[in-house]
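As structure tokens, the structure follows; a few thoughts come after it.
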Amino acid sequence: MSRVTEEAVRQVLSRVVDPDSRQDIVSSGMLSGLAVRDGHVTFAVEVDPQKGSEMEPLRKAAEKAVESMPDVLSVTAVLTAQSQGKAAPGNAGSAPRGPATDSPQSAQKNGMAPGVKYIVAVASGKGGVGKSTSATNLALALSTLGVRVGILDADIYGPSQPRMMGISGRPTSTDGKILKPMENYGVKCMSMGFLVAEDTPMIWRGPMVQSALQQMLRDVAWGELDVLIVDMPPGTGDAQLTMAQQVPLAGAVIISTPQDIALLDAKKGLNMFRKVDVPVLGIVENMSYFCCPNCGHQSHIFSHGGARKEAEKFGIDFLGEVPLDIEIRETSDGGQPIVVSRPDSPHASVYRDIASAVWSKLEAREGRGRAAPRIVMQ
Ligand code: ADP
């Protein structure tokens with residue numbers, strides 16, 4: 001167990017001086033979002049957006065200072081610019097923005113998807129746990145509840161929404177700048193998969209990942225939506241962290257399998273959103289148990305119920321369990337997700353319950369959203 005504490009990190013950072021203001025980054029209030037977990041340290045240095053890349057040496061110096069501390073295993077320092085000017089002095093705590101003061105319409109302030117009420121990330125600690133399947137069915141289930149929904153496939157390493165939503169073709173633009181989203185089953189959809197052929201190898205560097213997501217929020221005519229579901233890239237690396245930080249998310253839903261919980265990958269997802277101050281709306285346990293297609297017998301291949309227990313331990317809501325069922329796989333991989341193709345099935349009803357829980361939580365949080373800090377660079 002590492003003994004690194006936030007206080008110790010803050011102390012080290014209080015010796016890192018911004019040459020411009022000649023003040024250290026702690027007392028000047030530039031340090032924000034400091035999180036320390038088992039020797040892994042993450043923080044942001046808030047700078048004047050005009051200065052941008054000039055501040056990179058300061059970020060590096062801060063990162064180096066923390067790296068040299070004993071017991072520190074990794075350091076992630078990012079430069080951010082507050083959407084409304086520089087950080088206020090004294091704002092050096094680990095929760096830089098008071099959630100009570102920002103409205104959920106913060107998306108509008110950043111010019112990202114201005115007509116969207118809530119942007120919700122669907123994330124997972126690693127790939128292959130059914131994140132995209134869950135994101136699609138959740139979006140469709142919300143739509144059946146009468147909520148106006150869009151789905152943004154931010155999994156640009158392996159976009160699956162065109163296939164799962166059963167959409168092909170390319171989005172069009174009337175003015176050459178703003179793309180019209182594609183649409184099926186009454187849900188608007190945008191994915192890098194529409195713009196790049198599926199077999200094209202995509203080597204994305206962090207900054208390209210970020211700008212692709214920003215563009216899909218800014219340069220797509222999403223129109224008026226209640227919820228935009230963002231199917232995040234799997235994992236909790238820097239690219240995901242930055243995405244979570246730069247998008248004005250109203251909340252996040254974590255998808256995990258029982259096995260994934262056992263291996264602690266789901267926790268990394270929880271921690272990632274906590275680090276960037278995004279409320280985790282709850283956990284869904286996917287492939288929770290196996291449903292025999294012949295006799296209906298339920299087998300618990302992995303230790304069942306882990307997500308519920310884990311959620312309780314973390315004080316996070318458990319949103320529901322979805323079984324491992326061939327029908328779920330066939331329908332989503334075939335572009336006819338179970339919520340729309342078998343609306344009377346028990347699985348569709350599980351997704352509708354999850355959707356209604358998510359919607360109630362979003363509505364209950366109204367007036368308590370947060371504005372996204374803007375990443376200048378990494
Ligand atoms: P991820 O987005 O986490 O990489 P996907 O949603 O692409 O995962 O799912 C991976 C594979 O598992 C897909 O073929 C999908 O159809 C299948 N799958 C996902 N959830 C289930 C489930 N509950 N039952 C059966 N198959 C599932």
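The values are calculated or read from the model by the stated rules, or taken from the named source; none is laboratory data. Because the structure is a prediction, the values reported are computed rather than measured. Here Cβ is always computed from backbone atoms with ideal geometry, including for glycine, and neighbour counts include all displayed protein chains. Accessible surface is based on the protein model in full, side chains and every heavy atom, while ligands, DNA and RNA are left aside. Shrake-Rupley method; radii C 1.70, N 1.55, O 1.52, S 1.80 Å.
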Treating cross-link reach as a plain straight distance, find the lysines whose alpha-carbon is under 21 Å from the alpha-carbon of Lys60, omitting any fewer than eight places away in the same chain. Lys51, Lys86, Lys275
Give me the net charge for the shell around Val253: Cβ to Cβ below 14 angstrom, other residues only, Lys and Arg +1, Asp and Glu -1. -2
So what are the ³J(HN,Hα) numbers for region 335-348, from phi and the Karplus equation (6.51, -1.76, 1.60; θ = phi - 60°), rounded to whole Hz, Gly and Pro as x? x, 9, x, 4, 4, 9, 8, 9, x, 8, 6, x, 5, 4
Can you give me the accessible area per residue for region 7-70, using a 1.4 Å probe, in Å²? 48 Å²
Carbon and sulfur together cover what percent of the accessible area of region 116-364 at a 1.4 Å probe radius? 51 percent
Using a 10 Å cut-off on Cβ atoms, rank the peptides 274-281, 138-145, 251-258 from the highest mean neighbour count down. 251-258, 138-145, 274-281
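Quick check on my link table: of Lys268/Lys309; Lys64/Lys126; Lys131/Lys268, which ones sit more than 18 Å apart, alpha carbon to alpha carbon? Mind showing how you got there, number by number?
On the way: Lys268/Lys309 16 Å; Lys64/Lys126 28 Å; Lys131/Lys268 15 Å.
Correct reply: Lys64/Lys126.
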With +1 on each Lys and Arg Cβ and -1 on each Asp and Glu Cβ, how big is the dipole of region 116-364 about its Cα centre, in debye rounded to the nearest 20? 440 debye
Size-normalised alpha-carbon gyration radius of region 116-364, reference 2.2 N^0.38 Å: 0.95
Once amide H atoms are placed 1.01 Å from N in the peptide plane, what residues at a sequence separation of 5 or more from Val230, or on another chain, have their amide H within under 5 Å of its amide H? Val120, Ala121, Val122, Leu152
Packing-based ranking, highest mean first, of 123-131, 24-32, 69-77, 319-327 given that Cβ atoms within 10 Å are counted: 123-131, 24-32, 319-327, 69-77
Enumerate the amide H contacts of Asn286 below 5 Å, restricted to partners 5 or more residues apart or on another chain; note that Pro and chain-start residues carry no placed amide H. Ser256, Thr257, Val322
Accessible solvent surface per residue of region 116-364, calculated while the other protein chains remain in place, 1.4 angstrom probe, Å²: 39 Å²
Candidate aspartates and glutamates for bridging to Lys361, where Cα separation is under 12 Å - those fewer than 8 sequence places away on the same chain excluded: Asp317
